[in-house]
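Notes for the one structure printed next.
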Amino acid sequence: MKTYGRSDQGLVRNENQDDFLIRPVESGGYLLAVADGIGGGPAGRRASHLALATIDNAVGTQVRDVSRLASALSLANRTIFEMGQKDPELEGMGTTLTAAVLYPERLLLAHVGDSRAYRIAAERIIRLTMDHSVAGEMERAGTITAQEASEHPKRHVLTRALGPFDKVRVDVADMPWTPEDRLLLCTDGLTSVAPDEEILRTFMHYHGPELIDRLIGAALTGGGPDNVTVVVAEEIAGPGESHGG
Ligand code: MN
């Protein structure tokens, strides 16, 4: 399995409050995560960094149970919350966090906020997370469509994040994985600009570092209104190689 990640400040924001983490675990697996900090001044940047550092420490190398990943997110929530309570400058700070432990045959996922995880296989893209935003909750309730959610005025208003409150509900998933499946974790700096179909097209044409560059490029071409972060895990080493099967 190959993993790639990149974060870019974008063209409008004056700092990058996004961050990502990639590190190996046992059995050929990887711990992968993206975080998008929220809060003024130094708060957002501190929150996303602190969340990833906490996850990195709390998740060991043998992660066979998704509850361990969820516990790490809960711990990150409490750590950020307590720091926000102590320092007036950091009060209310928070971050999204979408974290995966990916083994060749299995994906564990834990998620809070409006960053996303996608599975891309063959010619299909499947969203694995639900946005914890006002628009995302309406989409889940069935009151608006995915298209309407993507244009909703409250699409950026988060309903869940790590840090603002002492407790948080973490979404988890545990699913089989195959060598044909490719994983994308990304912040809303990509998805607010590039629709799922464009992300899929990019995956169909590119692999590896060039894929990462093209995804970041899509966000910048779309005006780069936000920090943008992408993490990809895939079996394929480069373009032109067969998927087999
Ligand atoms: Mn963002």
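The values are calculated or read from the model by the stated rules, or taken from the named source; none is laboratory data. The model shown is predicted, which means the values in this text are computed figures rather than measured ones. Virtual Cβ from ideal backbone geometry, glycine too; neighbours counted across all protein chains shown. Surface areas here come from the heavy atoms of the whole protein model, side chains and all, with no ligands, DNA or RNA. Shrake-Rupley method; radii C 1.70, N 1.55, O 1.52, S 1.80 Å.
For ASP18, the residues whose modelled amide H falls within less than 5 Å of its own, excluding neighbours fewer than 5 places apart on the same chain, are GLY37. Taking all Cα pairs closer than 8 Å and separated by 6 or more residues, the relative contact order of the chain comes to 26 percent. On the basis of the beta-carbon distance and an R0 of 25 Å, ASP166 and ASP65 show a calculated FRET efficiency of 0.55. Of interest is the spacing of the C-alpha centroids, which for region 18-85 and region 118-163 amounts to 21 Å. Per-residue 3J(HN,Hα) values for region 64-75, derived from phi via the Karplus relation 6.51 cos²θ - 1.76 cosθ + 1.60 with θ = phi - 60°, read 9, 9, 5, 5, 5, 5, 4, 4, 5, 5, 5, 5 Hz in sequence order (x marks Gly and Pro). Computed from backbone phi, the HN-Hα couplings of region 207-216 come to 9, x, x, 5, 4, 4, 4, 5, 5, 4 Hz, rounded to whole numbers (Karplus: 6.51 cos²θ - 1.76 cosθ + 1.60, θ = phi - 60°; Gly and Pro given as x). From the square roots a ≥ b ≥ c of the eigenvalues of the alpha-carbon gyration tensor of region 52-180, which class results: rounded (a/c under 1.5), prolate (a/b over b/c), or oblate? Oblate, because a/c is 1.5 or more while a/b does not exceed b/c.
Computed with the Debye formula from one identical point scatterer per Cα of region 1-98, without solvent, the log10 of I(q)/I(0) at q = 0.12, 0.16, 0.19, 0.24 Å⁻¹ comes to -0.41, -0.69, -0.90, -1.21. Go ahead and collect, in residue order, the members of region 133-165 whose backbone nitrogen is under 20 Å from a label point 7 Å along the Cα-Cβ direction of ARG124. Residues 146-147 qualify, since their backbone N sits under 20 Å from the label point.
Figure note: PHE203, PHE81 ranked by solvent-accessible area, largest first, 1.4 Å probe, ligands and nucleic acids not counted: PHE81, PHE203. Applying 1/(1 + (r/R0)^6) with R0 = 35 Å to the Cβ-Cβ distance of ALA146 and GLN9 gives a FRET efficiency near 0.80. A protection proxy built from the mean count of other Cβ atoms within 10 Å ranks the segments 68-79, 213-224, most packed first, as 68-79, 213-224.
Mean projected area of the Cα convex hull of region 131-245, taken over all directions, amounts to 9.1 nm².
Coupling constants for region 84-94 follow from the phi torsions by the Karplus curve (6.51 cos²θ - 1.76 cosθ + 1.60, θ = phi - 60°), and in residue order they are x, 6, 7, 10, x, 5, 10, 4, x, 5, x Hz; glycine and proline get x.
Alpha-carbon geometry of the chain: the Rg and the Dmax are 17.0, 57 Å, given in that order.
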